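Colleague: Before anything else, here's the structure in question.
Bear in mind these aren't lab numbers, they're just calculated from the coordinates by the rules spelled out. Just so we're clear, the structure is a prediction, and the values are computed from it rather than from any experiment. No Cβ is skipped: glycine too gets one built from the backbone with ideal geometry, and neighbour counts run over all protein chains shown.
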Amino acid sequence: MASKKITINLPTGLEARPVALLVQVASKYESSIYIECENKKVNAKSIMGMMSLGLVTGEDVLVSAVGTDEAEALDSIEKYLSCN
């Protein structure tokens, strides 16, 4: 299992379109990927789960991944949340 704290730097936060794109990024990997914020943990491959977090720009989240490609998954998600 690998995990990393990431600050969301998307200009609009995680509204519908950015959430859909994040789910696409997460779905490319075989690993199970979860995003945690304020004691709530959701599957990063679930649009409804991700929307339920209501994440905004500047918020810190803990991203964790378990599987054979966990490191690559974390790197891709960090790149998306930090640089988009």
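Colleague: In the chain, if the dipole is taken from +1 on Lys/Arg beta carbons and -1 on Asp/Glu beta carbons about the Cα centre, which of Ile77, Val42, Gly54 is farthest to the positive end?
Modeller: Gly54
Colleague: Then there is this: Could you name the aspartates and glutamates in cross-link range of Lys5, using Cα to Cα under 14 Å and dropping any fewer than eight places away on the same chain?
Modeller: The reachable aspartates and glutamates, counting only those whose Cα sits under 14 Å from Lys5, are Glu36, Glu38, Glu59, Asp60, Asp75, Glu78.
Colleague: Ratio of alpha-carbon Rg to the 2.2 N^0.38 Å globular estimate for the chain, to two decimals, please.
Modeller: Compared with the compact-globule rule of thumb, the chain sits at 0.94.
Colleague: Can you compute 3J(HN,Hα) from phi for each residue in region 33-45, using the Karplus curve 6.51 cos²θ - 1.76 cosθ + 1.60 with θ = phi - 60°, rounded to whole Hz and x for Gly and Pro?
Modeller: Those phi angles translate into 10, 10, 10, 10, 7, 6, 6, 10, 10, 10, 6, 5, 8 Hz.
Colleague: Treating only the Cβ of Lys, Arg, Asp and Glu as charged (+1, +1, -1, -1), what charge dipole size does the chain show about its Cα centre? Round to the nearest 20 debye.
Modeller: Dipole about the Cα centre, nearest 20: 160 debye.
Colleague: Right, next: Over region 2-83, calculate the relative contact order: mean separation of alpha carbon pairs under 8 Å at least 6 apart, over the residue count, as a percent.
Modeller: Dividing the mean separation by the residue count of region 2-83 yields 48 percent.
Colleague: Putting +1 on Lys and Arg Cβ atoms and -1 on Asp and Glu Cβ atoms, find which of Thr68, Val19, Ser31 reaches farthest to the positive end of the dipole of region 2-83.
Modeller: The Cα lying farthest towards the positive end belongs to Val19.
Colleague: Fewest first, what order do Asp69, Asp60 take by the number of other Cβ atoms within 10 Å?
Modeller: Asp60, Asp69
Colleague: If one takes the longest principal axis of the Cα atoms in the chain, at what angle in degrees, from 0 to 90 and to the nearest 10, does the Cα axis of helix 70-83 lie?
Modeller: Result, in degrees: 20.
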